[in-house]
Amino acid sequence: MNSPIDIETADVSYLPDFMALVAEVGWPHKLEDISSLLLLGRPWRALNRESRETIGMAVWWPMGHAFGRVGLVIVSPKCQGCGVGRAMMHKVIEDTGTRTLMLLSTEEGKPLYEKLGFESVGLTQRHQGHYTHSSAIESEIHSAHPRDLSEIVALDANVTGFDRSSMITHMFNTGHTNLLRSHDQITGYAIARPFGLGSVLGPLIARNEDDAEALFTATSGLGMLRIDRLIEAENLGRFLEAKNLPGHEITHSMVRGSPPTARGNSRIFTMAGHAWG
Ligand SMILES: CC(C)(COP(=O)(O)OP(=O)(O)OC[C@H]1O[C@@H](n2cnc3c(N)ncnc32)[C@H](O)[C@@H]1OP(=O)(O)O)[C@@H](O)C(=O)NCCC(=O)NCCS
C-alpha cells in the first residue's frame, strides 16, 4: 500500500464501513454489537487519502477521568504491515490525554501495543460452545431490579478500580442481570446479553469460585454462549469445560500507564468482553 493515509475521528455513520472491516478479519460482532460500541466510545478511522476508502478503525472508551480502554482495532488485511495500525494508535493515545489505557490484545496485536508502551498484566481465555446445561438455581441469587443498578455500578468501580458506569448501564438495559447479596450488600453480579451468534456472560464479579459458579448457572441462557474468563479463575475454567464450553484462544490484558487499584473482597471472574474489560 503506497497511497498516503489520513486518520480522523468517526462516528456511527461509518457503521457499514466498520462492519466491512469486522467481516474482513472474521470477528463475530453483529451490527447491534458494533453500533453500541461506537455510540458509547470515541471512534477513529484510517482512510486512503485519494479514494477516501476506510481501511482501518480503532475505538476508545473513557472510564472516568483517569482511565480508558481501547478496542476494535482493525486494519484491512490488504493494508496491514504498512504502519496504519501504529498511526491510528498514535492518534488514539493523543486523544486520551493523560489517561491510563487498558486493552485485551490478540496475539496479532501484541507486538504493536508493546512498541507503544503497553505491558502485559494478565491473561484471559475465551470459552465458547453450545450451552445446554440448565440446572437448579440457588435460592440466594436474585434477578436484579433497576433500583439495584447504582449499587452494582459502585461494586464494579470498587472491584475494577475504574468507572465504567455508562457501559454497565448499557449492558444492564440490554441483558439480564443476577445478584448475590450478603448482609444486605451486593457482593457479586453477572450479566448475560446478546452478542454475535448467541450471548456473552460477563462481567461476572463474585467473592469466590462457588459464588461465581452459582451466578454463572443462574444467569447463562441456553444456546451459543461466550465467556472471557480470567486465567487465574482456574476452577471456573474446569467448570466451564465440564459444561461443554471449551477454552479457546488466550488474550493479553495490557496496560499503558499506572494500573487501576482494586478494592474490596470481590473480584472479576469473567470480562464484559474485549472492549470493556
Ligand atoms: C493488529 C493490527 C491492527 C496491526 O495493524 P498494522 O497496520 O498491520 O500494524 P503496523 O503496520 O502499524 O505495525 C506496527 C508495528 O507493529 C509490528 N507488528 C504488527 N503486526 C505484527 C505481527 N503480526 N508480528 C510482529 N510485529 C508486528 C510492526 O512490525 C510495526 O513495528 P515497526 O513500526 O517498529 O516496524 C492488524 O494486524 C489487524 O487488524 N489484525 C487483525 C485484527 C486484530 O487482531 N486486531 C488487534 C485487536 S487487539
- Sort through Leu72, Leu103 and tell me the only one that's touching a strand residue (DSSP E or B) at 6+ places or on another chain (Cβ under 8 Å), within 16 Å of Arg42 (Cα to Cα) and outside the structural domain of Leu37 (by TED's automatic domain parsing). Leu103
- Item | Among the residues listed as Leu204, Leu245, Leu240, the single one being buried (at least 16 other Cβ atoms within 10 Å of the Cβ) and either within 22 Å of Glu151 (Cα to Cα) or among the hydroxyl-bearing types (Ser, Thr, Tyr) (or both) | Leu204
- Query: Among the residues of the range 47-65, which ones are aliphatic (A, V, I, L, M) and either in contact (Cβ under 8 Å) with a residue 40 or more places away in the chain or away from the ligand (no atom under 12 Å from the Cβ) (or both)?
  - Reply: Leu47, Ile55, Met57, Val59, Met63
- Query: With respect to the numbered conditions (1) loosely packed, with under 13 Cβ neighbours inside 10 Å; (2) modelled with pLDDT under 95, which one is the sole condition not fulfilled by Ala23?
  - Reply: (2)
- How do the pairs read when you match residues in the range 102-125 that are within 17 Å of Trp276 (Cα to Cα) with residues anywhere that are part of a helix (DSSP H, G or I), using Cβ under 6 Å and keeping only pairs 6 or more apart or on different chains? Ser105/Tyr113
- Item | Near pairs, Cβ below 8 angstrom, 6+ apart or cross-chain, from the range 248-277 (over 22 Å from Met171 (Cβ atoms) and hydroxyl-bearing (Ser, Thr, Tyr)) to any residue that is more than 15 Å from the ligand (Cβ to nearest atom) and assigned to a loop (DSSP other than H, G, I, E, B) | Thr261/Gly161
- May I ask you to verify whether Thr124 is assigned to a loop (DSSP other than H, G, I, E, B) and more than 10 Å from the ligand (Cβ to nearest atom)? no
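The values are calculated or read from the model by the stated rules, or taken from the named source; none is laboratory data. Bear in mind that the values here come from a model prediction, so they are computed numbers and not experimental data. Every residue, glycine as well, gets a Cβ built from its backbone with ideal geometry; the counts of neighbours run over all protein chains shown.
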